[in-house]
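These notes concern the structure reproduced below.
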Ligand code: HXC
């Protein structure tokens, strides 16, 4: 039977549209070592699951002769598909059409799927590779960006939003990914900045490379904008898939349950000896985390930024938990500006998306000094305090070693409404460390004695005996139990079961006023 002309026409239009900016531009994209928008989507979603919308949309601009050059789809591929059988909405910017730059109609395409993702309670994934606002469209392009930003904000805390940066992302365009919950940057091809190196040179006479100004390593280690760095685009897609496996599709659902063969009552014997005899010696908190979680699998978020605190996802008996843990390997696990901000945002994501929090605490306090004070450690430390206090998901703390000063209060203490607080026998809970404390309260006594050194050392021992253990806090009921480290996994799983139906609320209000 002969195929009707209308269908032949449709097929040929579709074939042409699918090529975006055409074969030459696709070849150029490949020559740069980059995939096309469609190839990226194919890598991301389950085979044959992608439903594309607005393939035939074209721009409506008539400035600078633009009406003569139109491409079906107008530089962005939008639609929905499944990842491990869960529905997600996706937009992928197509650099082969006007450098992936954003026009009015392009923005409308993105807004359409953002609205659909929000209405249907599905994650939104943006694959970014764009020269920014389409210059020929002027304020229409800016309006388009602002419409996207507004939707990013409305969707925040309702559906997870994930951005992969796989090429340029410059100017105000960076603010859409910045609002999303997770940013993944490709180590080879991506950059993000508000103004590029040329403007920096003109305005400030500063010479800087694109990589140093806005590359993946900079954003993952210095600015904290990027939560993950991928080796290549394939790995970026794998990170998205892995991340999604830990989080729910919207704020009304629980995270996916993943059946595990890791026994609930597995003893973690290695934890009984992991803490060094000398309290000033470090150990790797990641070893503790991997020992506790199902199959030792932990997805660390923001691994290169503020390494004195570890955040990320693991599972206990198949259920996702968000872990916040001080890392004694870096800066002795102290809380500073960056660590406070990093952990606070993570706590708020977990709370918004019903992910219980497990805190592993070994913190000598807040980092002192002018650098910290001038950069707002008061305001930033308060963010973490605020985030824990406000969170109503199940909250469990295990004090592993040090829990000193304000940091004790902040790190999900009983008084911040932690549901359960456990301590290892190595826990030390006090206003400050023994040496510092004795210097403050016994310095005069020591100076007035014949042997100040001896007095200080005796007092230090006395202080250590009193506070460098968890029993003092346990006697007051501030911790619920002192547990053997090897039993921590079992006790945490039990705790999660006890708290599985937790219902808690905070006073009704328009919104709080977190110290931003
Ligand atoms: C229109 C654009 C464009 C743009 C690139 N193109 N960016 N067209 N508007 N913003 C076009 C180019 O003219 C070119 O078309 C094609 O895309 C490929 O670009 P190239 O420059 O050849 O590619 P490359 O050498 O890889 O460089 C990529 C780039 C560069 C670094 C992104 O194109 C660039 O600097 N573009 C401008 C970036 C920019 O300043 N954008 C505005 C940012 S401000 P032809 O046909 O010649 O091949 C902004 C404000 C947003 O976005 C505010 C939101 C609130």
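Quick note: the coordinates plus some simple rules give every number you see, no bench work behind them. Since the model is a prediction, treat every value here as computed from it, not as a measurement. Neighbour counts run over all protein chains shown; Cβ positions are idealised from the backbone, glycine included.
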### Task
Given the peptides 385-394, 59-68, 80-89, arrange them by the average over their residues of other C-beta atoms within 10 Å, most packed first.
385-394, 80-89, 59-68
### Query
Does segment 124-183 come out rounded, prolate or oblate, given a ≥ b ≥ c as the square roots of the eigenvalues of its C-alpha gyration tensor, rounded meaning a/c under 1.5 and, failing that, prolate meaning a/b above b/c?
oblate
### Query
If one takes the longest principal axis of the Cα atoms in the chain, at what angle in degrees, from 0 to 90 and to the nearest 10, does the Cα axis of helix 233-246 lie?
60
### Task
Could you work out how far helix 139-155 tilts from the main Cα principal axis of the chain, as a 0 to 90 degree angle to the nearest 10?
40
### Task
Obtain the nm distance between the two label points defined at residue 448 and residue 51 by a simple spin-label model: each point lies 7 Å from its Cα along the Cα-to-C-beta direction.
8.3
### Summary
Mean shadow area (nm²) of the C-alpha convex hull around the chain is 30.6
## Note on the structure
Kirkwood Rh over alpha-carbon pairs of segment 432-516 plugged into Stokes-Einstein at 25 °C, 0.890 mPa s gives a D in µm²/s of 141
#### Entry: Cα Rg, Dmax (largest Cα-Cα span) when computed across segment 57-142, Å
13.6, 45
### Message
Over the Cα atoms, compute the radius of gyration (one decimal) and Dmax (the largest Cα-Cα distance, rounded to a whole number) for segment 186-316, in Å.
### Response
19.7, 63
### Query
What does the highest-first list of 19-32, 172-185 look like by mean Cβ count within 10 Å?
172-185, 19-32
### Query
Roughly how many Å is it from the Cα centre of segment 209-263 to that of segment 278-345, as a whole number?
15
### Task
Calculate, for residue 273 and residue 147, the FRET efficiency according to 1/(1 + (r/R0)^6) with r their C-beta to C-beta distance and R0 56 Å; round to the nearest 0.05.
0.45
#### Entry: Between segment 73-93 and segment 374-443, the Cα center-to-center distance that results, in Å
43
### Summary
Rounded to one decimal in nm, the spacing of the 7 Å Cα→Cβ label points at residue 440 and residue 70 is 7.2
#### Entry: Alpha carbon centroid spacing (whole Å) that separates segment 23-65 from segment 127-202
17
### Query
Does segment 1-54 come out rounded, prolate or oblate by the C-alpha gyration tensor, with a ≥ b ≥ c the root eigenvalues, rounded set by a/c under 1.5 and, if not, prolate when a/b is larger than b/c and oblate if not?
oblate
## Note on the structure
the chain: relative contact order from alpha carbon pairs under 8 Å, six or more residues apart, as a whole percent, is 9
### Task
Provide, for q = 0.16, 0.18 Å⁻¹, the log10 of I(q)/I(0) from a solvent-free Debye sum over equal Cα point scatterers in segment 261-384.
-0.80, -0.97
### Query
Measuring from the lowest to the highest alpha carbon on each principal axis, how far does segment 107-245 reach, largest first, in angstroms?
49, 36, 22
### Task
Rounded to the nearest 500, what is the 222 nm mean residue ellipticity of the chain from helices alone, with -39500 (n - 2.57) per DSSP H run of 4+ residues and division by all residues?
-11000 deg cm²/dmol
## Note on the structure
Packing-ranked peptide list from 488-495, 336-343, highest mean Cβ count within 10 angstrom first, is 336-343, 488-495
## Note on the structure
Helix 5-18: inclination vs the chain longest Cα principal axis, degrees, rounded to 10, gives 40
### Message
Multiplying the sequence separation of residue 371 and residue 5 by 0.36 nm and subtracting their Cα-Cα distance, what value in nm do you get?
### Response
124.6 nm
